[in-house]
Amino acid sequence: MTVASRDELRSGGRAALQIGAVAVLYWVSGKLGLFQLFMGGQVTPLWPPTGIAVASLLLMGLRVWPGIALGALLIDIPLGPTTTAALVITAGNTLAPLCAYALLRRTGFRTRMNRFQDALALVFLGGLTAMLISATVGSSTLSLAHALPAGGFWLTWWVWWTGDAMGVLLVTPLLLVLRSAHWPKDTPRSEWAEGSLLVAATIGVGLLETSRAPLLFVGFPLLTWAAFRFQRAGATPCALAVSIFAVLAATHMTGPFAGHTLLTDMIALQVFNGAAALTALLLAAAVTERNQTQAKIEEACRRLAEMVARTAPDTDSLPALPDAQGDGEENGGQTRPSG
């Protein structure tokens, strides 16, 4: 076996492993997402597989798209009203992440998300725009298969679209952060204490969200705190946690979601999730960009100071200038009159 063929075989094996891993992650996250079923047998307000699919494409490239299709098929076949409907829904769930990947690549998206424009592109192109495909294909297929109640198309479409979009806005950034995460070194104890306090506060806010008290809005100060102090590493998991607690409250009709119609609860939930994701992503990106700009300015000032120090004359090596008193003393104590 030649070296080229061996490398090709190794590359093919690596691609097969990546495809299999994406399919497994898609299927497992889909099973977890199905615990929040609302309507149509397969419509949830937060669908994590879309976030996993978009992150996989961004990190590993187009070659893993069969894993997305396989994972979606394994989820849709048991849930679809017919096999044909399940295949069509699978196609829509595969095309949407591919469209998101294409749109993000076209805008020069960076997986580090260290620019404000990266956050905007992920929100409005990768999430809100691309997921129109899966929502429209899926809702239309369920409607044509008579799997929806009368007048339930637009509610199903709304929850499907926002659920897929929330998967991109909440799960994709977290996976991108984990991809480049490393154990911090020489971190002050005060930062560890602050991070622990943030985690405890997030859990406490989650318990408030799922209680009878209508305190859904108290999650936003936490998102602001996490974004300013920890940027993406703190804002993305905080936003996901706050949204998960809100989904749990909505599925059990507790807290701010008690005593309302399904449509009202779904609109309130998805508006809250969207606002939480926007706050976390955009604020964290803005703070990161500001910190990078400040670091560049400080580096430029440091280099300028070094250049000035190198080009400035050495005052210690210059000859001393004679003064008037010294000249007079050397001439017998008298000065020559001018004129």
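The values are calculated or read from the model by the stated rules, or taken from the named source; none is laboratory data. For clarity, every value in this text was computed on a predicted model and none was experimentally measured. Cβ coordinates were reconstructed from backbone atoms using ideal geometry, including for glycine residues, and neighbour counts include every protein chain displayed.
Couple of notes before you dig in:
- Inspection of the range 175-191 finds a residue satisfying the criterion of being over 27 Å from residue 109 (Cα atoms), touching a Pro at 6+ places or on another chain (Cβ under 9 Å) and surrounded by fewer than 13 Cβ atoms within 10 Å (Cβ to Cβ).
- Qualifying residue in the range 175-189 (condition: closer than 23 Å to residue 133 by Cβ, at pLDDT 85 or above and either among the small types (Gly, Ala, Ser) or assigned by TED's automatic domain parsing to the domain that holds residue 45 (or both)): yes
- Residue list for the range 212-234, restricted to those being touching a residue at least 60 places away in the same chain (Cβ under 8 Å) and under 16 Å from residue 194 (Cβ atoms): 223, 227, 231
- Residues (surrounded by fewer than 23 Cβ atoms within 10 Å (Cβ to Cβ) and modelled with pLDDT under 85) located in the range 206-230: 206, 207, 208, 210, 211, 212, 213, 214, 215, 216, 217, 218
- One residue alone among 280, 284, 295 is in a helix (DSSP H, G or I), under 25 Å from the mean Cα position of the chain (by Cα) and either closer than 30 Å to residue 154 by Cα or not assigned by TED's automatic domain parsing to the domain that holds residue 223 (or both), and that residue is 280.
- Filter result for residue 87 (assigned to a helix (DSSP H, G or I), in contact with a Phe, Trp or Tyr (Cβ under 6 Å, 6 or more places away or on another chain) and outside the structural domain of residue 253 (by TED's automatic domain parsing)): no
- Taking the numbered list (1) within 17 Å of residue 279 (Cα to Cα); (2) in the same structural domain as residue 242 (by TED's automatic domain parsing) in turn, residue 204 passes all entries but (1).
- Only listed residue being in contact (Cβ under 8 Å) with a residue 24 or more places away in the chain and either over 27 Å from residue 267 (Cα atoms) or in the same structural domain as residue 272 (by TED's automatic domain parsing) (or both), chosen from 115, 106: 115
- Selected residue (criterion: farthest from residue 179 (Cα to Cα)) from residues of the range 100-138 that are of a type outside the set (A, V, I, L, M) and part of a loop (DSSP other than H, G, I, E, B): 107
- Of all residues in the range 120-164, those satisfying the criterion of being over 29 Å from the mean Cα position of the chain (by Cα) and either among the acidic types (Asp, Glu) or under 23 Å from residue 264 (Cβ atoms) (or both) are 142, 143, 148, 149, 150, 151, 152, 153.
- Candidates are the residues of the range 150-200 that are among the small types (Gly, Ala, Ser) and in contact (Cβ under 8 Å) with a residue 24 or more places away in the chain; the one that is farthest from residue 58 (Cα to Cα) is 152.
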